Amino acid sequence: MQLSDTPILSNEPVGPDYRMMTLQAPAIVASAQPGQFIHLRVPNLEAGALRRPFSICDAADGRLDILYKQVGRGTSAMAQLKPGDVLNIMGPLGHGFPIPSPAAVPLLVAGGFGVAPLLFLAKRSPVKGVLFVGGRTARDVLLVADFEARGWETRVCTDDGSLGTRGFVTAALDAWQSEHPATSAEMFSCGPEPLLAAVDRRAGLWGMKAWLSQDRRMGCGAGACLGCIQKMKRTTETGEIQTYYARVCKDGPVFASGTIFWEGLKP
């Protein structure tokens, strides 16, 4: 992990509500892996304001990209930053995705800007696969052209039908599985918890490996404050299911399917 003052290279709109920020951060880029994140101090906020976690969207040639949506004071302040401004960031943090196996088709399942760490994974993957991406509307579907430019098949769903197929992204995932029942595949997902729980359930039904990246509010980002704990489960040698707690920032944010205890959500 590095703590670094990093200059902003660009901070450009990506659609109506989102921006891509590029930072010059060679020390962090050198060890960054898909699924890891940075913890960023937003300037021009009160001294007690917490850092914000952002998934790494890409890291190459000393340049680090993060995708963010303007939803509050912190991200609105970020949108005002210009090239040459300096941010203090910690990273890379957390445990990321394993690199896809050449022996299986990688299925990337994203909800909204959960697509960001999956683009980094697609760039590192030794094989091409399928991106399933969903959003509330067309304006919430991001980076599809970037995947297609790298030879990935893409299947888009929106809640209102304004782009791609109308409905949840899991419907497109189910359709693919019906079309390829004998194909060896593995899933990688990032997005809202109901989506992660749905992917987790399908991994169990289909006998497929899956890795799920959780998006949580974080205090310290390094496992000390216990502000982002997640209830987990494991099976003992006697078949008993035990529960315990993990820190999303330190032990995750990526967890294997079958290990998360989904409270209030259908697993």
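The values are calculated or read from the model by the stated rules, or taken from the named source; none is laboratory data. Quantities reported herein were computed from a predicted structural model and do not represent experimental measurements. Cβ atoms come from the backbone with ideal geometry, glycine included; neighbour counts cover every protein chain shown.
Please go through the range 28-65 and pick out each residue that is under 12 Å from the mean Cα position of the chain (by Cα) and acidic (Asp, Glu).
Listed by number, the list holds a single entry, ASP58.
With the condition kept exactly as written, say whether any residue in the range 244-252 is farther than 22 Å from PHE120 by Cα and without any contact (Cβ under 8 Å) to a residue 12 or more places away in the chain.
No, because not a single residue in the range 244-252 is farther than 22 Å from PHE120 by Cα and without any contact (Cβ under 8 Å) to a residue 12 or more places away in the chain.
Just the residues that are touching a helix residue (DSSP H, G or I) at 6+ places or on another chain (Cβ under 8 Å) and either surrounded by fewer than 22 Cβ atoms within 10 Å (Cβ to Cβ) or among the acidic types (Asp, Glu) (or both), please, taken from the range 130-139.
Listed by number, the residues that qualify are VAL130, ARG136.
Scan ILE66, ILE38 and give me the residue that is touching a Pro at 6+ places or on another chain (Cβ under 7 Å), modelled with pLDDT of 95 or more, among the β-branched types (Val, Ile, Thr) and outside the structural domain of ASP146 (by TED's automatic domain parsing).
Result: ILE38 is the single residue among ILE66, ILE38 that is touching a Pro at 6+ places or on another chain (Cβ under 7 Å), modelled with pLDDT of 95 or more, among the β-branched types (Val, Ile, Thr) and outside the structural domain of ASP146 (by TED's automatic domain parsing).
Looking only at residues that are hydrophobic (A, V, I, L, M, F, W, C) and assigned to a strand (DSSP E or B) in the range 15-27, which one is farthest from the chain's Cα centre (by Cα)?
LEU23
Could you list, in sequence order, all residues of the range 230-242 that are farther than 14 Å from THR259 by Cα and modelled with pLDDT of 90 or more?
Of everything in the range 230-242, nothing turns out to be farther than 14 Å from THR259 by Cα and modelled with pLDDT of 90 or more.
Is it the case that some residue within the range 207-218 is assigned by TED's automatic domain parsing to the domain that holds LEU119, free of Cβ contacts under 8 Å to residues at least 60 places away in the same chain and more than 19 Å from the chain's Cα centre (by Cα)?
Taking every residue of the range 207-218 in turn, at least one turns out to be assigned by TED's automatic domain parsing to the domain that holds LEU119, free of Cβ contacts under 8 Å to residues at least 60 places away in the same chain and more than 19 Å from the chain's Cα centre (by Cα).
Can you confirm whether ALA60 is buried (at least 21 other Cβ atoms within 10 Å of the Cβ), at pLDDT 95 or above and either in the same structural domain as PHE147 (by TED's automatic domain parsing) or not polar (S, T, N, Q) (or both)?
no
Quick check on the range 253-267: of everything there that is in a strand (DSSP E or B) and of a type in the set (A, V, I, L, M), which residue is nearest to ILE38 (Cα to Cα)?
Applying the filter and picking the extreme gives VAL254.
State which residue is farthest from GLY35 (Cα to Cα) when the search covers only the range 140-188 and only residues that are surrounded by 14 or more Cβ atoms within 10 Å (Cβ to Cβ) and among the hydroxyl-bearing types (Ser, Thr, Tyr).
Among those that are surrounded by 14 or more Cβ atoms within 10 Å (Cβ to Cβ) and among the hydroxyl-bearing types (Ser, Thr, Tyr), it is SER162.
What number of residues within the range 136-151 are free of Cβ contacts under 8 Å to residues at least 40 places away in the same chain and among the charged types (D, E, K, R)?
Here the count works out to 4.
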